[in-house]
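Written below as structure tokens is the structure these notes are about.
The values are calculated or read from the model by the stated rules, or taken from the named source; none is laboratory data. Quick caveat: nothing in here was measured; it's all calculated off a predicted structure. Ideal geometry is used to build each Cβ from the backbone, glycine not excepted, and the neighbour counts take in all protein chains shown. Only protein heavy atoms, including side chains, enter the accessible area calculation; ligands, DNA and RNA are left aside. Shrake-Rupley method; radii C 1.70, N 1.55, O 1.52, S 1.80 Å.
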Amino acid sequence: MNKLIRATEVRLVGENVEPGIFKIADALRMAEELEVDLVEISPNAEPPVCKLMDYGKFLYQQKKREKELKAKSTQITVKEIRFGPQTDEHDYEFKRKNAEKFLKEGSKLKAFVFFKGRSIIYKEQGQILLLRLATDLEEYGKVEAMPVLEGKRMIMFIAPKKKSK
């Protein structure tokens, strides 16, 4: 804006205007006649480039575009399901149904077996449990990461399958 004040002329572009170099007073008068704003686009050019436009409308359209892009992007949520190494059949089925529901909703699934105290000796049972879950949920999601032991947790990630339209 400082350069615009120092400059005596501006290069004018925009709709309903013939591009050219005009004095600042003339450019402001034209903007007033067309009931639009005189907006500086390129202050470093010689002479500075200004555009006749409705700046409020421009900001509104820009926010609208950003909102549409935000609406189109999908938010991926990660749901967790926790097992013990010796989970009973009924509990397993209950948690499997929840996992199925999460994958149908489009959420990622983080299934893990938590080993308390000395139950770490049942690592194989935990791995078998997670692999069984992966095979049971095969039609709803695919395994993103095989079971990995991290401290006292064995973790596996399952991503939802893309819905065919």
For the range 73-127 the number of residues that are small (Gly, Ala, Ser), without any contact (Cβ under 8 Å) to a residue 24 or more places away in the chain and closer than 20 Å to ALA145 by Cβ is 0
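Given the criteria closer than 30 Å to ASP136 by Cα, outside any strand (DSSP E or B) and among the basic types (Lys, Arg), does ARG82 qualify?
no
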- [ ] Report whether or not PRO19 is touching a residue at least 40 places away in the same chain (Cβ under 8 Å) and over 27 Å from the mean Cα position of the chain (by Cα).
- [x] no
Taking the range 14-27 and the residues there that are over 15 Å from PRO47 (Cα atoms) and either of a type in the set (D, E, K, R) or modelled with pLDDT of 90 or more (or both), the one that is surrounded by the fewest Cβ atoms within 10 Å (Cβ to Cβ) would be GLU18
Taking the range 37-96 and keeping residues of a type in the set (Ser, Thr, Tyr) and surrounded by fewer than 16 Cβ atoms within 10 Å (Cβ to Cβ) leaves SER42, TYR55, TYR60, SER73, THR74, THR77, TYR92
Taking the range 128-156 and keeping residues open to solvent by 80 Å² or more (accessible area, probe 1.4 Å), outside any loop (DSSP other than H, G, I, E, B) and of a type outside the set (A, V, I, L, M) leaves ARG132, THR135, LYS142, GLU144, GLU150
### Query
Going by the conditions given, is LEU109 open to solvent by less than 100 Å² (accessible area, probe 1.4 Å) and either under 30 Å from GLY141 (Cβ atoms) or modelled with pLDDT of 90 or more (or both)?
yes
Looking across the range 112-127 at residues that are in contact with a Lys or Arg (Cβ under 6 Å, 6 or more places away or on another chain) and buried (at least 16 other Cβ atoms within 10 Å of the Cβ), the single one that is farthest from MET156 (Cα to Cα) is PHE115
